Each structure stands twice: as structure tokens, then as C-alpha cells.
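Enquirer: Encoded as C-alpha cells, here's the structure I'll be asking about.
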Amino acid sequence: MSAIQATLKSRSSSAFDVERIRADFPILKLTVNDKPLVYFDNAASSQMPQQVIDRLVRYQTTQHANINRAVHHLSEVATSEFEEARRKLQHFINANEEREVIFTSGTTDAINLVMHGYGRKFIGAGDEIILTTLEHHSNIVPWQMLAEEKGAKIRVVPINDAGELLIDEYEKLFNERTKFVGVMHVSNALGTINPIKEMIAFAHARGVPVLVDGAQAAPHMKVDVQDLDCDFYALSGHKLCGPTGIGILYGRAALLEKMQPFKGGGDMILSVTFEKTIYNTIPHKFEAGTPPIAAAIGLGAAVDYLSAIGMDAIAAHELALLAYATEQINAMPGVRIIGTAKHKAAVLSFAVDGVHPHDIGTLLNQEGIAVRTGHHCAQPVMQRFHVPATSRASFAFYNSMDEVDALIAGIRTVQKIFT
């Protein structure tokens, strides 16, 4: 190991007790094919600490009931815990008001809520929506559906060979017909951190609201929606060490008040007759039916856990992992990193000469290493780099430098088998 490698490898461990943190995650004790599990598929879904598991069990065994309207003890407790989870998420992203946090089933649901509630009301024929080449399909397809319905047009911000947005081109796309911007905070396919604060400011100077897909940012860095000054921010719980089936949409209160509900049903109303329905106040008018109560409470426990560690400490450890893995892979002949932006989160997409990504994933799995292979719901990114798919290792704060070494050894094994 070179002096540079040793420095990179020790940079995080000296200030971050990863072994203590790993002890909180029961699943990390598993073996796969008689090898210790090395879980590098965190961009798809993170693992859950025992503290969150315990909170879910406590809710299900001592607090389970439907929320709102009932006066019996269990319902009152469940309602209180559900709303407390909302407050925790408000503080986690520094929203100005509790009512600006809407529980959804995840980022996809949150984006669709904005498309239906805001887009269908305020975007019309001839209007333009700006998206970026980096977007996840969840922030492309809903807007395509709206554009087809309304006769609107989608404009796309290109990227350079490093996977960075061309901001000059972004600014050139604006005109009097521009009505909306959708941009991801961090690319799930490449790890690129986009300059969204500057992009939001530019859009706002022209009266254009901005939705940020924060699914890949919220697990890896501190998010402050007031500092960003975004109009909407969407994230998913299962990428934040929480349960599946839960996420949130942050929306600026003034905009949420103007929006139409996405779904109709119980709890999103104040009164119903066959002549007229009066909708509930925000956030409840966007939360029709029985919500994922247990999942919301579990997500509240997850952000408690992350906050106790500290998002700055998490970011520093993950960036050390990324730097070490990048340095190691760059030294390997025949292996190419896809996405080399100056500012990245803990995502590393790569290709091995002459080897299909699915074969890479299969062989790494034999070594107990979990990576994601495919287009990562980002086919425009793959098309830009002229590849059908990549292998993606995505890191979390509970990953270790030794696990990165295992990944590098696994890639070498892949090369030996195919050469």
C-alpha cells in the first residue's frame, strides 16, 4: 500500500468509529456465499439499524391503531407519535413550518404529487419545463405525462464528460415560457452533486419554481431547505435507514395552499356532501386515506439516529471512502469510472473492459459483495456515456475501508476470469 493509499484509508477511521456503528446493523453480520456481506447497494436502499427496528416493534406491539378522530388511548398515542415524526422530519431538513412536510410513499410519489397538484394547475399549452440529463426516471416520466396532456415542452440541461451540468446551457434555456424546473440534488447514477442553490436562485430571479429530487442527497449530507430556498424537496425513507413505503415532500406553504389535492379520500377533507367537498388544510389535504403510520414513525426514529451521529460526520466518512475507492480503481488498468465530477457524493459507477456489468455483479456476489448493475433508472445518462449499463458501488456511513479493499479484490478477480 502506498503512502497516499494509507493516508486515504486512515483519514476517516481516526475520527469515525465505524465498527461501533456497524454493530447497530444486524444485517451486516450476514454471510453471502460463505463470505462476509459487503453491502455497496446503498443508493438503491440503505440498511436499518437496530434502533429503528426496535421502534417499529414497539409501535406494532404497544401503540398500533389508526390515527385521527378517535378518542381512545391507542389512537391518541398513534396520532401523537405520527405527528411527532413529522416534526422530526421538519427539523431534519430545516423546514420553516411543520405543515410544509407531507408524508408520501417515497420520492416518486412526492414528485407525482407536485406534477398533479402544481403542474396540472399552473402549466399549460406552450409552457416549458426544464429538467436535466442526470434525472432519475421518476423526475422525467411524470413531466413527460404532463407535457403530453397539456401540450407543454420539456427542455433538457446537458452534461459534460465528467457528468457535470453545463450551467451556461441551463441559463440559456430560460425564456418567458419557462414555468418549472426539476433537478436532482445528487445523481443516483454518477454521484454528481449539482449546484442547486445557484440554480434555484437563477430560476427564482425569473419567477420560476424549482423541485429538487433529494433522494440521493438527504442520506449523505445536511439538507437545509430554507438555505437552498427551494420550492419543493422530495426524499425517501428507505435510503435514510428507515422503512420502505415512506417518504416526504417538503413544499413551500404558499404554494401548497394553491395546489389541488393529488388523491381524494378520508382525512383530506373538512366536509363532504354530494354537492360540495371542502378540502382539509395543509399538509392533511395531501394525505388521503390511512397513511403508513408505522413507517412514518420508523422514519422519525431513523432521522433521530442519523442526527445523533451527525450529517457532517457521515459526509466526511463517506467522502473518505469515495476518495480511497476512486484512487484504487483509477490505478487499475482496464477499469473506467463513469462520472468524474469535482463534487461527488458516495456513488461510484464503473465499467470493466470486455465485461458486461451483470457479469461483474454476479461474480462480485459470489464474493459476498452487493453492487447494483444496470441503467439505474437513468437511461439518458447511460446514453450520454455510450454505455448500456454500469456497475455501481454506493457507500454508506456504516461501510469500512476494509470493505473497499474487498471490492477492489473482487474487481481484480473479475478481470482474471475474463482475461
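We did not get these values from a lab; they are worked out from the coordinates using the rules stated. Keep in mind that this is a model prediction, so the values were computed, not measured. Cβ sites come from the backbone with ideal geometry, for glycine too, and all protein chains shown count toward neighbours.
Enquirer: Taking amide H positions as placed 1.01 Å from N in the peptide plane, with prolines and chain starts having none, which residues 5 or more places from LYS344, or on another chain, fall under 5 Å of its amide H?
Expert: ILE193
Enquirer: Along the Cα-to-C-beta direction of THR413, a point sits 7 Å from the Cα; which residues of region 341-382 have their amide N less than 14 Å from that point?
Expert: 360-371
Enquirer: Assign one of three labels to region 97-139, namely rounded, prolate or oblate, based on the Cα gyration tensor with a ≥ b ≥ c the square roots of its eigenvalues; rounded applies when a/c is under 1.5, prolate when it is not and a/b is larger than b/c, and oblate otherwise.
Expert: oblate
Enquirer: Å³ per residue of the Cα convex hull, for region 199-304?
Expert: Here the figure is 113 Å³ per residue.
Enquirer: OK, next. For LYS172, go through the lysines and keep the ones whose alpha-carbon is under 19 Å away, minus same-chain ones fewer than eight residues off.
Expert: Partners found: LYS153, LYS197.
Enquirer: Once all Cα-Cα distances of region 53-308 are split into 5 Å bins that start at 0, what whole-number percent is in each one?
Expert: Histogramming region 53-308 at 5 Å steps yields 1, 6, 13, 17, 19, 16, 12, 8, 5, 3, 1, 0, 0 percent.
Enquirer: Got the relative contact order for the chain handy, in percent, Cα pairs under 8 Å and 6 or more residues apart?
Expert: This gives 24 percent for the chain.
Enquirer: Then there's this: Which value results for Rg/Rh of region 183-257 when Rg is the Cα radius of gyration and Rh the Kirkwood radius based on the inverse mean 1/r?
Expert: Reported Rg/Rh (Cα atoms, Kirkwood Rh): 0.98.
Enquirer: Can you give the angle from 0 to 90° between the axis of helix 357-366 and the longest principal axis of the chain, with both taken from C-alpha atoms, to the nearest 10?
Expert: 70 degrees
Enquirer: I want the antiparallel fraction of DSSP beta bridges within region 169-328, as a percent rounded to 5.
Expert: Here the share of antiparallel DSSP bridges comes out near 55 percent.
Enquirer: Averaged over every viewing direction, what's the projected area of the C-alpha convex hull for region 367-408? Give it in nm², one decimal, please.
Expert: Its average projected convex-hull area is 3.7 nm².
Enquirer: Looking at the square roots a ≥ b ≥ c of the eigenvalues of the Cα gyration tensor of region 261-390, which shape do they give, rounded for a/c under 1.5, prolate if a/b is larger than b/c, or oblate?
Expert: It is prolate, given that a/c is not under 1.5 and a/b is the larger ratio.
Enquirer: For the chain, what is the calculated [θ] at 222 nm in deg cm²/dmol (nearest 500), taking -39500 (n - 2.57) for each run of four or more DSSP H residues and dividing by its residue count?
Expert: Result for the chain, helices only: -12000 deg cm²/dmol.
Enquirer: Where a ≥ b ≥ c are the square roots of the eigenvalues of the C-alpha gyration tensor, would you call region 342-401 rounded, which needs a/c under 1.5, or, failing that, prolate if a/b is larger than b/c, or oblate?
Expert: oblate
Enquirer: Please compute the contact order of region 108-219 in relative form: average sequence separation of alpha-carbon pairs under 8 Å and at least six residues apart, divided by the residue count, as a percent.
Expert: It comes to 26 percent, rounded to a whole number.
Enquirer: Counting DSSP beta bridges with both partners in region 53-308, what percentage is antiparallel, nearest 5?
Expert: Antiparallel bridges make up about 50 percent of those DSSP assigns within region 53-308.
Enquirer: Report the per residue volume, in Å³, of the convex hull enclosing the C-alpha atoms of region 70-202.
Expert: In region 70-202, the Cα convex hull volume per residue is 140 Å³.
Enquirer: Calculate, in whole percent, how much of the Cα-Cα pair population of region 126-273 lies beyond 20 Å.
Expert: Summing the P(r) of region 126-273 above 20 Å gives 52 percent of all pairs.
Enquirer: For CYS241, enumerate residues with amide H under 5 Å from its amide H, sequence gap 5+ or separate chain, H modeled in the peptide plane.
Expert: Answer set, sorted by chain and number: SER46.
Enquirer: Something else now. What angle do you read, to the nearest 10 degrees and between 0 and 90, between the alpha-carbon axis of helix 3-13 and the longest principal axis of the chain?
Expert: For helix 3-13, the angle is close to 40 degrees.
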